[in-house]
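Each remark here refers to the structure printed beneath this line.
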Amino acid sequence: MIHKLKDRDALILVGSVLGLGLILWLMALPLAALPAPIGPAAQQFSDGALTTIELTLWASVFGLILGVLAALGKRSHLPPMRWLADLYVWVVRGTPLLLQILFFFLALPAMVPQLRLSEFWTAVIALSLNVGAYNAEVIRAGINAVPLGQVEAARSLGLSSLYTFWDIVLPQAVRISLPPLANNMVALLKDSSLAYAIGVVELSMASSRVQAESFQPVPVFITVAVIYLLLTTTFTQFAAALERKLAVGKR
């Protein structure tokens with residue numbers, strides 16, 4: 001039974017990745033068959049969806065790294081590290097994401113001109129910092145949920161603190177934290193639409209352009225909603241299959 005579950009979840013994992021690739025690669029074909037204003041703008045929707053996925057993936061990777069570092073900072077025995085991590089989480093979670101994106105695009109280059117980046121990478125940095133703050137609390141909770149007895153057992157075997165954390169604590173914490181981390185990633189995919197404010201031509205910006213040109217908001221916004229649903233469903237299925245696979249391994 002366990003082997004069947006593993007095989008099914010492995011197929012779902014592979015199918016989700018392939019499905020996402022097919023969605024991005026072939027999206028323009030069915031859209032092109034639709035009447036105006038969708039058909040003539042099929043490539044714009046496809047390119048916008050690709051940019052949305054790129055924003056999400058880059059920000060997810062950087063946000064996970066920041067989340068782990070911030071979670072460790074909040075658990076640090078050094079007060080400056082705890083204060084810095086607490087300040088980061090407090091500021092980011094307490095201010096709107098749109099304000100953060102505009103700050104990195106407009107205010108930060110005005111203060112430090114050398115830090116001026118392209119619209120895309122500015123959005124990636126802002127999204128990464130935002131999701132990293134939420135990931136920090138999730139990962140910290142996952143670390144706290146690992147039984148203390150396992151850490152003590154590792155120490156009694158002579159394992160170093162770094163080895164204990166990297167090979168024993170962190171894998172279990174990630175498994176425990178996977179469902180909320182997946183939710184953060186899905187939310188990040190939708191929040192990436194705010195990158196339109198600084199000129200990144202992602203899915204929502206592409207839809208706004210098509211709507212402004214055609215003055216037909218209903219078909220445009222329905223099409224964008226369907227595309228977002230396809231993308232979020234693919235991400236959710238991948239995360240759910242990964243969670244089940246790790247849970248089966250736990251048994």
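The values are calculated or read from the model by the stated rules, or taken from the named source; none is laboratory data. All values reported here derive from a predicted model rather than from experimental measurement. Methodologically, a virtual Cβ is constructed for each residue, glycine included, from the backbone with ideal geometry; neighbour enumeration extends over all protein chains shown. When the accessible area is computed, the model is the full protein with side chains, heavy atoms only, and any ligands, DNA or RNA have been set aside. Shrake-Rupley method; radii C 1.70, N 1.55, O 1.52, S 1.80 Å.
The GNM of the chain, with springs linking C-alpha atoms under 10 angstrom apart, assigns the highest mean-square fluctuation among Tyr163, Tyr196, Tyr134 to Tyr163.
Each stretch of four or more DSSP H residues adds -39500 (n - 2.57); spread over every residue of the chain, this sum gives -26000 deg cm²/dmol at 222 nm.
With 10 Å bins beginning at zero, the pair-distance distribution over Cα atoms of the range 172-248 amounts to 17, 38, 25, 15, 5, 0 %. Dimensions of the range 81-198 based on its C-alpha atoms, expressed as ranges along the principal axes with the largest first, amount to 54, 29, 23 Å. On the principal axes of its alpha-carbon atoms, the range 145-206 has extents of 58, 19, 12 Å, going from largest to smallest.
Phi angles across the range 126-140 convert, under the Karplus curve 6.51 cos²θ - 1.76 cosθ + 1.60 with θ = phi - 60°, into 3J(HN,Hα) values of 5, 5, 5, 4, 5, 5, x, 5, 6, 5, 4, 5, 5, 5, 4 Hz, Gly and Pro given as x.
When the alpha-carbon atoms of the range 30-140 are used, the pair Rg, Dmax equals 18.0, 62 angstrom. Surface composition of the chain: carbon plus sulfur atoms hold 71% of the accessible area, using a 1.4 angstrom probe and ignoring ligands, DNA and RNA.
Counting Lys and Arg as +1 and Asp and Glu as -1, each charge on the Cβ, what is the dipole of the chain about the Cα centre in debye, to the nearest 20? If you can, show how the numbers build up before the last one.
On the way: 17 positive and 13 negative charges, 168 e Å.
It works out to roughly 800 debye.
Here the Karplus curve 6.51 cos²θ - 1.76 cosθ + 1.60, taken at θ = phi - 60°, turns the phi angles of the range 161-169 into couplings of 4, 5, 5, 4, 5, 5, 9, 10, 6 Hz, with x standing for Gly and Pro. On a 0 to 90° scale, report how tilted helix 203-214 is relative to the longest principal axis of the chain, with both axes built from alpha carbons and the result rounded to the nearest 10. Computed tilt is about 10 degrees. At a probe radius of 1.4 angstrom, the accessible area of the chain per residue rounds to 55 square angstrom.
Legend: translational diffusion of the chain by Stokes-Einstein, Rh = Kirkwood radius over C-alpha pairs, 20 °C, 1.002 mPa s; D = 106 µm²/s. Rounded to whole numbers, the Karplus 3J(HN,Hα) couplings from phi for the range 76-82 are 5, 7, 8, x, x, 5, 5 Hz, using 6.51 cos²θ - 1.76 cosθ + 1.60 with θ = phi - 60°, and x at Gly and Pro.
Contact order, relative form, for the range 177-251: 40 percent (alpha carbon pairs under 8 Å, 6 or more residues apart, mean separation divided by residue count).
Seen through its C-alpha gyration tensor, with square-root eigenvalues sorted a ≥ b ≥ c, the range 102-157 comes out prolate because a/c lies at 1.5 or above while a/b is bigger than b/c.
If you average the sequence gap of Cα pairs under 8 Å that are 6 or more apart and divide by the length of the chain, what percent do you get for the contact order? Working shown, then result.
Working: 275 pairs, mean separation 77.6, N = 251.
Relative contact order here is 31 percent.
Backbone N atoms of the range 169-189 closer than 20 Å to the 7 Å Cα→Cβ label point of Glu152 belong to residues 169-170, 172-173.
For helix 2-26, report the angle its Cα long axis makes with the longest principal axis of the Cα atoms of the chain; keep it between 0 and 90° and round to the nearest 10°. With rounding to tens, the tilt is 30 degrees.
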